[in-house]
1. Based on Cβ point charges of +1 for Lys and Arg and -1 for Asp and Glu, what charge dipole magnitude is obtained for the protein assembly as shown about its Cα centre, in debye rounded to the nearest 20?
2. For peptide B:90-101, what's the mean number of Cβ atoms from other chains within 10 Å of each residue's Cβ?
3. Divide by every residue of chain A the summed helix terms, -39500 (n - 2.57) for each DSSP H run of at least 4, and state the resulting mean residue ellipticity at 222 nm, rounded to the nearest 500 deg cm²/dmol.
4. List every residue whose amide H lies under 5 Å from the amide H of A:Ser162, counting only residues 5 or more places away in sequence or on a different chain, with H placed 1.01 Å from N in the peptide plane.
5. Starting at the first residue of region B:94-110, write each ³J(HN,Hα) from the Karplus equation 6.51 cos²θ - 1.76 cosθ + 1.60 with θ = phi - 60°, in whole Hz, x for Gly and Pro.
6. Please list B:Arg146, B:Arg277 in order of solvent-accessible area, largest first, computed with a 1.4 Å probe with all protein chains present.
7. Mind checking B:68-80 for the average number of partner chain beta-carbons within 10 Å of each residue's beta-carbon?
8. For region B:246-255, take each phi angle, set θ = phi - 60°, evaluate the Karplus expression 6.51 cos²θ - 1.76 cosθ + 1.60, and give the result in whole Hz per residue in order, putting x for glycine and proline.
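The values are calculated or read from the model by the stated rules, or taken from the named source; none is laboratory data. Values in this document were obtained by computation on a predicted structure and should not be read as measured data. A quick note on method: Cβ atoms are made from the backbone with ideal geometry, for glycine too, and the neighbour counts reach across all protein chains shown. These accessible areas exclude ligands, DNA and RNA; they are computed on the full protein's heavy atoms, side chains included. Shrake-Rupley method; radii C 1.70, N 1.55, O 1.52, S 1.80 Å.
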Amino acid sequence: MARFGMVIDTSKCVGCLDCVVACKTENDVPDGFCRDWIATEVTGTFPSLSMEIRSERCNMCDNPPCVYCCPTGASHISDFGKLVQITEEKCIGCKACLAACPYGARFTHPDGYADKCTFCEHRLREGKDPACVSVCPTHCMYFGDLDDPNSEVSRLLESRKSKTLLPEAGTRPRIYFLTDKPK
Amino acid sequence: MREYTTTNSNPFVDISHQVWAWEIPVYLFLGGLVAGMMVISGYLLLSDRWQKPKSVAYVLPAWSLVLLSLGMLALFLDLEHKLYVWRLYLTFEITSPMSWGSWILILVYPALLANLVIALPNALKGRFPSLATLSDRMQERPWVLRSIAVVNVALGIMVGIYTGILLSSLGARPLWSSGLLGPLFLVSGVSTAAALVHLLAKEPEERAFAVRADIGLLVTELVFIVLFLIGLMNASRVQQEAASMLLGGPFTAVFWVLVVGLGVLVPMVIQSLAVARRIGHTHVAPLLVIAGGLVFRFVMVNAGQLSHWTPT
Ligand code: SF4
Ligand code: SF4
């Protein structure tokens with residue numbers, strides 16, 4: 001069974017927010033909330049500053065604290081692509097998973113259940129990419145099976161430098177950010 | 001320099017994105033208080049103290065049932081998907097403290113009811129003669145009495161620790177990342193319960209017992225608070241940053257003045273003076289302990305959910 005993940009090239013991302021709009025439209029995300037977002041980090045000392053722009057979302061962690069703390073099993077690791085998903089009808093809205101996620105990836109949907117990025121599972125089942133990946137005008141996002149050594153994501157991770165967010169939190173994220181320039 | 005901006009919702013900017021509001025601190029406070037009352041009433045049953053006709057052993061179970069139900073109501077009010085609450089009881093999730101807690105709380109009600117029947121208040125005795133007969137029969141069998149007492153103490157300890165573990169299991173919040181949080185919440189819960197016993201006790205001897213016990217509990221709580229902070233300060237960078245919220249950061253004044261000062265130190269001094277017969281017993285000390293326990297839960301929940309992992 002596949003283990004889906006994403007690779008995002010920070011050197012190509014311009015922070016246009018197309019991925020955010022695509023997600024909101026595709027998944028009918030309610031006003032005031034988002035399942036993916038843009039983070040911008042400026043580091044260094046003037047005048048040698050560098051800026052990294054990242055499209056962020058649930059990291060589909062391999063070691064997901066949000067799943068471990070859920071009292072009803074609503075948050076679970078699904079068989080399909082080993083994705084971390086939420087069953088709305090099982091969620092009691094206790095918000096433990098919101099507190100457990102170090103990335104702030106979850107929110108409470110106005111209808112009461114915990115909500116977050118699903119990697120557009122409904123699209124994956126049709127053989128399509130997640131909406132954010134497919135609309136990116138700079139093609140900075142790659143999606144695929146991390147367990148398949150021949151997938152594009154695996155080959156990118158093999159050949160380029162990458163990082164995950166807050167690796168020290170121990171969640172083993174499955175979204176990788178490429179940090180070097182494309183060859 | 002590091003400057004971070006995000007288009008994601010931010011609880012520092014929009015308070016409505018905070019995870020928990022007043023309900024969870026109130027639930028944790030009442031849960032800890034009831035846990036402490038179960039420990040104390042179990043102890044009263046095991047010792048001979050409960051046989052005094054005016055013993056608080058006759059009122060604690062009823063108070064516990066009411067306060068626990070209020071706590072559960074607060075918890076229920078916090079749920080965002082209320083109609084699905086029954087889902088808690090269709091599964092047991094071994095890694096989820098909340099799942100453990102909901103099953104333990106199911107056991108707490110029968111334990112409290114059994115305690116209520118065996119130490120039946122006079123008001124109920126007159127009204128429900130069959131309950132009075134049952135109560136007498138139970139009292140005649142020492143093993144029944146002992147079992148009820150031990151189960152109440154054991155469940156009380158579990159619930160008390162659980163109120164802390166519920167937070168400390170959420171590793172994404174560095175302020176809560178301490179194994180001491182469970183014992184600290186337990187001691188604080190028993191201490192607030194001892195304070196309530198002080199307020200409710202009619203037997204002077206029982207009141208004196210509650211005061212002496214509370215002094216010991218407050219000292220223990222203070223030691224745990226200090227160890228908890230020392231632990232965080234010697235842990236990872238994010239835990240040090242979290243601890244600094246209470247050590248110079250935004251929660252410093254409320255924590256040290258209201259929780260440690262007025263909630264622990266002042267009542268400790270007042271009660272010690274009363275025990276040494278320098279001053280008379282007053283209700284001020286137990287009221288301060290109870291209020292301090294409530295503020296403590298608010299500080300820990302609010303500061304804790306604002307503490308978070310930051311990149312190196
Ligand atoms: S990013 Fe957060 S919500 Fe997503 S799997 Fe990891 S811990 Fe869970
Ligand atoms: S809010 Fe829902 S998904 Fe999250 S931990 Fe509670 S029951 Fe599970």
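1. The dipole of the protein assembly as shown has a size of about 1340 debye.
2. Taking the mean over all residues of the peptide, I get 5.
3. -4500 deg cm²/dmol
4. Result for A:Ser162 returns A:Thr179.
5. Ordered by residue, 3J(HN,Hα) equals 5, 8, 9, x, 5, 5, 4, x, 5, 6, 4, 5, 5, 7, 5, 4, x Hz.
6. Sorted descending by solvent-accessible area, the residues read B:Arg277, B:Arg146.
7. 2
8. 9, 10, x, x, x, 9, 4, 5, 5, 5
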